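Below is one structure, written out as structure tokens; comments come after it.
The values are calculated or read from the model by the stated rules, or taken from the named source; none is laboratory data. Note that the structure is predicted; figures quoted are calculated from it, not measured. Note: ideal-geometry Cβ built from the backbone for every residue, glycine included; neighbour counts use all protein chains shown.
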Amino acid sequence: MTNIIYIFMGMNTWRVLLFPFALLYGGITTLRNVFFDGGLLPIHKIQTPSIGVGNLSVGGTGKSVVVDYLISNFKNQFRIAVLSRGYGRVVKGVFVADENSTAASIGDEPYQFFSKHREIKVVVAEKRLLGLRKIEQAQPEVDLLILDDVMQHRFVQPTALVLTTTYTEPYSSDFVLPMGNLRESRAGAQRADVILVTKCPDDLTEQQMKDFREGLNVRPNQNVFFSKINYATSIQNKGTQIKLNTLKTPFTLITGIADPAPLEAYLRSLQLDFVHLSFPDHHRFTPSDIKQIKSTQNSGVILTTEKDFTRLYLLLQDENLFYLPIEMGFFTPAREREFKDVLKKQLALD
């Protein structure tokens, strides 16, 4: 009850007025979970060792960075396939990424994974079970499957489930839609094997980690890890790299992601001079947007995210368009090894 009072106190008045609708939505999602837990709705347990990555909120918890981390760290040991919804693509159905794929045909994140890791398989499907069957039929050599944004897609059950939540906006301090940002109640976190706290401040202390973990009310067998964003020291495009600290002239920052605040704060901390044009997550850039970007650019560098780069490059065709690579990092090598070991043990891959 105390947590709920704190949640109410931290919300805008108009959101509090949506409480009755949140109760209705929360009741529906809870009933759905009861049906799954009771066997009234079927759950397909994936036979291939698999890691599911998901969250309880509507977005912005860094799932894509986590998936990219898993690919980068496991692809030399295992033959990986990634299964994703392909959010934002203009076509529907089940598709296997190939040399003809674009962000429009398979979605932003899947195209980013495929472009960056050509040695893996990437499959997109709104219905994960159909995508899973496609992988099982066409890619029998896959020995590790990574499922992107799978928390609420309970018709399939991965071997290990990683729940992401940000340090600044944890699910434990939120409420269900439309009053809050949760797609289901906080009780859904109990299904996770690993809770990964993302976007932590660089100076996070052990005591802060302990306090945060206690606030999550995790089960004894749930593992909690804390991660941060590591930014590259150089920006790059298809053929050029530029050191960030050499950007002395003003530039334009373009973002089409759920939470651009950490990136903007990082660039401000370097005392860089830029204008930020922020667009919604998975934004489809229009001719009007491109005109605005070019008018703001003034012949200087345009900096964007790796996810946005592929779409903007096709529209701008500008050699001054760059992106800043990022990756997930841990606070100590020991914590990172523990994170990997926990997953391998869960998957029985050792």
Of the residues in segment 248-259, those that are under 11 Å from I302 (Cα atoms) and either in the same structural domain as C200 (by TED's automatic domain parsing) or more than 26 Å from the chain's Cα centre (by Cα) (or both) number 2
Any hit, segment 205-216, residues being touching a strand residue (DSSP E or B) at 6+ places or on another chain (Cβ under 7 Å) and either assigned by TED's automatic domain parsing to the domain that holds L303 or in contact (Cβ under 8 Å) with a residue 60 or more places away in the chain (or both): no
So for segment 133-141 (the condition being among the β-branched types (V, I, T) and either out of contact with any helix residue (DSSP H, G or I) (no Cβ under 8 Å at 6 or more places or on another chain) or surrounded by fewer than 21 Cβ atoms within 10 Å (Cβ to Cβ) (or both)), does at least one residue qualify? yes
Mind checking whether some residue in segment 128-142 is under 18 Å from the mean Cα position of the chain (by Cα) and either under 25 Å from F309 (Cα atoms) or not assigned by TED's automatic domain parsing to the domain that holds S50 (or both)? yes
Of the residues that sit in segment 195-234 and are surrounded by 15 or more Cβ atoms within 10 Å (Cβ to Cβ) and of a type in the set (V, I, T), which one is farthest from D174 (Cα to Cα)? I229
Taking A97, is it outside the structural domain of R183 (by TED's automatic domain parsing), farther than 25 Å from A261 by Cα, among the hydrophobic types (A, V, I, L, M, F, W, C) and surrounded by fewer than 21 Cβ atoms within 10 Å (Cβ to Cβ)? no
Criterion first (at pLDDT 95 or above and not aromatic (F, W, Y)) does L23 satisfy it? no
Could you please tell me which pairs satisfy a Cβ distance under 9 Å, a separation of 6+ or placement on different chains, a first residue in segment 157-169 that is farther than 15 Å from G215 by Cα and in contact (Cβ under 8 Å) with a residue 12 or more places away in the chain, and a second residue that is surrounded by fewer than 17 Cβ atoms within 10 Å (Cβ to Cβ) and hydrophobic (A, V, I, L, M, F, W, C)? Q157/I43; T159/A348; A160/V342
Cβ-Cβ distance below 7 Å, separation of 6 or more or different chains: which pairs start in segment 175-191 with a residue that is buried (at least 21 other Cβ atoms within 10 Å of the Cβ) and end on one that is in a strand (DSSP E or B) and among the small types (G, A, S)? L182/S57
Within segment 46-88, tally of residues that are in contact with a Gly (Cβ under 6 Å, 6 or more places away or on another chain) and either surrounded by 23 or more Cβ atoms within 10 Å (Cβ to Cβ) or assigned by TED's automatic domain parsing to the domain that holds T164 (or both): 3
Going by what's in this entry, would V82 be described as β-branched (V, I, T), assigned to a loop (DSSP other than H, G, I, E, B) and in contact with a helix residue (DSSP H, G or I) (Cβ under 6 Å, 6 or more places away or on another chain)? no
Within segment 330-341, is even one residue within 21 Å of the chain's Cα centre (by Cα), more than 17 Å from L247 (Cβ to Cβ), buried (at least 19 other Cβ atoms within 10 Å of the Cβ) and of a type in the set (D, E)? no
Specify which of the listed residues (R79, R133) is under 29 Å from T29 (Cβ atoms) and of a type in the set (D, E, K, R). R133
Evaluate segment 281-289: report whether one residue or more is of a type in the set (V, I, T), at pLDDT below 95 and either within 22 Å of G239 (Cα to Cα) or in contact with a Cys (Cβ under 8 Å, 6 or more places away or on another chain) (or both). no
Could you say which residue among S295, S269, S299, S288 is among the hydroxyl-bearing types (S, T, Y) and either under 25 Å from V197 (Cβ atoms) or in contact with a strand residue (DSSP E or B) (Cβ under 6 Å, 6 or more places away or on another chain) (or both)? S269
